[in-house]
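This report refers to the structure that appears directly beneath it.
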Amino acid sequence: MSTGQLTGPHAPASARAADRGTSGRRARVTLSRRTRRDRAFYVFLGPWILGFLGLTAYPLGYALWLSFTNSDGLSPNTRFIGLANYREVFTDPDTLASLGRTGLFTAITVPLTIIAGLFLAVLVNQPIRARGLFRTLLYLPAVVPPVGAALTFKLIFDRDSGAANGVLDLLNVNGVAWLADPYARYVLIMLTLWGTGNVMVISLAGLQDIPRELHDAALMDGASWWQSFTRITLPLLSPVLFFQVVTGIIGALQTFLPLLIALDPTPKGVGSVPESNNLIMINVFAQFFANSRYGYASALLWVLFLFIMLVTYAVFRLSKGAVFYSVEPEQAKDKATSRKTGGK
Amino acid sequence: MPVSYRGSLDRRRFLAASAGAALSAAALPGCAASVDSGSGSDSGKTLTVMAKVDEWDAKGKKEIEKTLGVNLRLITYDVTKLNAMLSSKNPPDLVRGLGAMEAPYFAARGLMTDLDPYFAKSEVLKPSDLADANDVWRYDGEKQGAGPRYGLAQDYSQDCMLWYRTDVFEEAGLDLLSETEPLSMDELLDIGKRLTKRRLGKVKVYGLSAGGSLTSFMWMTASAGGRLIAEDQASVDFSSPEARKALQWYIDYAKADVGPSLVNPNPDGWDGPTYQANRMAITTSGHWFGGIVSTDDKLAEVSRFAPAPQLGSHRVSPIFGGTGFWIPKDANNKEAAWKFFEWYFAGAPAKRRLDGGWGLPTLNSMRPKLPQKTALQKQAYAVQEKELPYISVLPVSPYAQIDALNAILTKVLPDAIKSGTAVGKVADALNSRMNEQLARGKELVG
């Protein structure tokens, strides 16, 4: 081996100098690549960051400031009133009732939607004829915009001219005021279930990700369909179901559908939402735009925001041990690797 | 050698720059608002109007641009958007509004332009020629109906008058209504009951559509000789005998289930389509409703106009709308907005509205030109002329939006009607909630 081929500390000075030049160029190339990579990262991330700051962080901060005032958005004498709005949130019977109704609505619709969606997913995952057609038909209602679906429901369930009472009419049964209390809540639940196709599609994707060999092996071991479903399908589907539970809860707590099936979905008409459908977001909307209580409505929104964070955290905690990942989450994998290598 | 990232974009700098950009973007509307109006080359040419989505078709928009020499920027009316624009001091140049309901609220908060100086200089819009109905657009700092003018009604109606279908009356064997003598509210309810057609718990034809809003309670109370909103506009009193009588009438009406109510609202959202479809015998609507009736010859043939009924001995026939336009105080192009006023309220559009039968003209000089070609137009004109002496402005409070007070009615009344709560208790609940709302507003307005 000639000295010219040596590199590192044992190389001759001339070779070391040449090597410094090469590694310097390499460093510049590396740096330049790294800078380019950084720039690309920030360029792609930039719009989101700007959007987050301008459309989420700033409004959140502004709403927090408003929540400590008696602002109506327009009047000149707005002043700081401390925690008065927050005290009212926790003492106003109307607000507490709407929070209670929202909790009940969430407790009913989230499990119902997920069970119904999973049931449909299992059905259309079977090797049946025209499976694609059934999948499309079952998913179709989820594609209809909420406003369109709400309008359809409004027409179907109108007391005097709706199709639902038309059917009762044919059976010689008295019509029902579906869109008024106490029936309005059932119409709302039906309208929510109308969008089950979304849950079905996500569950179907999860089902198709489960290796068929596991079911075949279970079958050979004598497991029944039910055993196979509860011991293999559900555990392997649990991350998908967990995701749907979390997003379902958040969505249900923010439900705004009742206003869409109200007769006049405007600030003027928000009062026409039946009491049983007066969920927290309807209350927020009414406080903002019908009552012009920007301060109080902002306090309501902040309480709802914190409540959703708390519920989401609680769901994450409670789900520990109930959600099985076939692939370890990145963080857990890193920790495990680190433990195996003894932190070297 | 330590690697220097100077010159490249590090995380901290990037986040700081993003925050700066976002805050700058958020501050932009405020900067725009601080620019003096009318000085920009573009602001003088653009007229921004917030109106109904179907206020003008493409031809109508071109007509405005050509006549006024402006670029028309049309924003669909949305009260939430309007509030945001007003609070950021970047409002439209013209806003469509209901004078009777909205003028005191916005005027008390200093958001409207005082139009008196413009009227003083105008050759076509002279205060002496303005119909009294335009008083709904006046506010003197304490009360509606007097003081500077803040807007103008494009047309107006006495909104408690009645339109009815003669075919339904004849089918029920009832006499047609008098064209001069008002019915009592009890007589009206009785007629409504007799006109209502039902099947299996469903109303197939509503006998009558009446009330349910704060303004209708104000009217009934006034007709009974009382007043619902106190002189200082800072409180309501549903406990007075007159107001309780009005409440009781409405509860009886809703319980009778003869027409749309707070318990069973009209699925059509308003009376027009229901009346046209022969599913409503009587509607409480003003002269403007004639515009709908006249569009269908068959409907016009079976429709008649009648005076407003009365709950007590006082004959009061109020205006609840006075729909028109106003110019926000911070509008950019007030000169063009006023040009629009002169053209829209006294020019070709006013004449076209007059011919359509959509309410009474805002200028008294135009009233004799109301169409009287068809039998219905003649009948409506005659009835209207006799009703005019009873016109009145029932001032609404500047301390709360009328929608907020209506929302309280919608919250309290349905349960009370269903549960049979005593009128006194209903009145107490309404007083308590509405007065709380008004007190909050008074504190803000000062």
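Tell me yes or no: at least one residue of the range A:138-160 is outside any helix (DSSP H, G or I), at negative phi and touching a strand residue (DSSP E or B) at 6+ places or on another chain (Cβ under 9 Å). Looking for residues that are outside any helix (DSSP H, G or I), at negative phi and touching a strand residue (DSSP E or B) at 6+ places or on another chain (Cβ under 9 Å), one finds at least one in the range A:138-160, hence yes. What about A:SER67, is it more than 10 Å from chain B (Cβ to nearest Cβ), of a type in the set (Ser, Thr, Tyr) and in contact (Cβ under 8 Å) with a residue 40 or more places away in the chain? Spelling it out, A:SER67 is indeed more than 10 Å from chain B (Cβ to nearest Cβ), of a type in the set (Ser, Thr, Tyr) and in contact (Cβ under 8 Å) with a residue 40 or more places away in the chain.
Taking the range B:166-208 as the range and being among the basic types (Lys, Arg), touching a residue at least 60 places away in the same chain (Cβ under 8 Å) and in contact with a strand residue (DSSP E or B) (Cβ under 6 Å, 6 or more places away or on another chain) as the test, only B:LYS204 passes. With respect to A:TYR86, is the statement that it is more than 23 Å from the chain's Cα centre (by Cα) and within 12 Å of chain B (Cβ to nearest Cβ) true? Judged against the criteria, A:TYR86 is not a match. Looking across A:PRO59, A:PRO12, A:PRO47, A:PRO76, one residue alone is surrounded by 11 or more Cβ atoms within 10 Å (Cβ to Cβ), at pLDDT 90 or above and either over 34 Å from the mean Cα position of the chain (by Cα) or under 30 Å from A:LEU301 (Cβ atoms) (or both). It is A:PRO59.
Among the residues of the range A:254-283, those identified as in a loop (DSSP other than H, G, I, E, B) and within 7 Å of another protein chain (Cβ to nearest Cβ) are A:LEU263, A:ASP264, A:PRO267, A:LYS268. Looking only at the range A:135-152, residues that are modelled with pLDDT under 90 and either surrounded by 13 or more Cβ atoms within 10 Å (Cβ to Cβ) or closer than 30 Å to B:LEU200 by Cα (or both) come to 9 in all. Scanning the range A:74-122 for residues that are outside any loop (DSSP other than H, G, I, E, B) and of a type in the set (D, E, K, R) yields A:ARG87, A:GLU88, A:ASP94, A:ARG101. The set of residues from the range B:57-86 being within 11 Å of chain A (Cβ to nearest Cβ) and surrounded by fewer than 16 Cβ atoms within 10 Å (Cβ to Cβ) comprises B:ASP78, B:THR80, B:LYS81, B:ALA84.
Considered as a group, the residues in the range A:164-180 that are within 7 Å of another protein chain (Cβ to nearest Cβ) and in contact (Cβ under 8 Å) with a residue 12 or more places away in the chain include one that is nearest to A:SER276 (Cα to Cα), and that residue is A:ALA180.
Selection of the range B:164-207 for residues being assigned to a loop (DSSP other than H, G, I, E, B), under 19 Å from B:VAL263 (Cβ atoms) and either in the same structural domain as B:GLN379 (by TED's automatic domain parsing) or not polar (S, T, N, Q) (or both) yields B:LEU200, B:GLY201, B:GLY207.
Of the set (1) crowded, with 21+ Cβ neighbours inside 10 Å; (2) not in a helix (DSSP H, G or I), all apply to B:LEU413 but (2).
A count restricted to the range B:208-253 and to residues that are part of a strand (DSSP E or B) and closer than 22 Å to B:ASP415 by Cα stands at 2. Checking each residue in the range B:317-342 for being over 24 Å from B:LEU111 (Cβ atoms) and at pLDDT below 95 picks out only B:PRO318.
Of the set (1) crowded, with 18+ Cβ neighbours inside 10 Å; (2) in a helix (DSSP H, G or I); (3) among the small types (Gly, Ala, Ser); (4) within 21 Å of the chain's Cα centre (by Cα), all apply to B:SER261 but (2).
Filtered by the rule that a residue be closer than 24 Å to B:SER213 by Cβ and surrounded by fewer than 22 Cβ atoms within 10 Å (Cβ to Cβ), the range B:87-108 gives B:ARG96, B:LEU98.
Just to be sure before I move on: is B:ALA380 under 16 Å from B:HIS287 (Cβ atoms) and crowded, with 20+ Cβ neighbours inside 10 Å in the structure I sent? In short, yes.
The values are calculated or read from the model by the stated rules, or taken from the named source; none is laboratory data. Predicted, not measured: the structure shown is a model, and the values here were computed from it. Note: ideal-geometry Cβ built from the backbone for every residue, glycine included; neighbour counts use all protein chains shown.
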